[in-house]
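The values are calculated or read from the model by the stated rules, or taken from the named source; none is laboratory data. Owing to the predicted nature of the structure, the values given are computational and were not obtained by experimental measurement. When we count neighbours, we look across all protein chains shown, and the Cβ atoms used for this are built from the backbone with ideal geometry, even at glycine.
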Amino acid sequence: MKRLLLVCAVILGFAFTASAQDSEKAEFKFNEEKHDFGKIPQGIPVTTVFEFTNIGKEPLILTEVKPTCGCTIADYTKTPVKSGEKGVIKITYNAQAVMPFNKTIVVTSNAKTPTKYLNIVGEVVAKAPPSSSK
């Protein structure tokens, strides 16, 4: 009986330690996780900035920010983001093809939620032909 209580106490101790460590981890809080560009003219790249705050206690380190297609470029805060501080992920979309788009950016970090997905959406429309004035 004493052995059973001891085993239960050890298991419970590990569970509390693991949950306490998890609450110490870094964590994102984004200003937005999806950005709608609306209608944008063909051939003109557009950019948005996803701003985030580290609401965890440990420094937040982005290990990779990877767009899912070659038409999107990402730049991001490369230094650790301390607790309560802000970082940014800057996304530029190259609007070449006339069509609606929905692109995903995969963010990998040391956060409690180690993988986050950001989205950009919109519609590329053909440029109006230049008007001829006489």
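Just for strands (runs of 3 or more DSSP E) wholly inside segment 35-134: which have at least 3 residues that are more than 28 Å from residue 24 (Cβ to Cβ) and touching a residue at least 12 places away in the same chain (Cβ under 8 Å)? It would help to see each step written out before you state the result.
Details: elements: 46-54, 62-67, 72-76, 86-93, 100-109, 115-125.
Per the criteria, 46-54, 72-76, 86-93, 100-109, 115-125.
Specify the residue that is nearest to residue 104 (Cα to Cα); the eligible residues are those in segment 63-86 that are in contact with a Pro (Cβ under 9 Å, 6 or more places away or on another chain) and buried (at least 16 other Cβ atoms within 10 Å of the Cβ). The selected residue is 74. Filtered by the rule that a residue be out of contact with any strand residue (DSSP E or B) (no Cβ under 7 Å at 6 or more places or on another chain) and either closer than 20 Å to residue 38 by Cα or small (Gly, Ala, Ser) (or both), segment 87-117 gives 94, 96. When segment 1-31 is limited to residues that are surrounded by 13 or more Cβ atoms within 10 Å (Cβ to Cβ) and part of a loop (DSSP other than H, G, I, E, B), the one that is modelled with the lowest pLDDT turns out to be 25.
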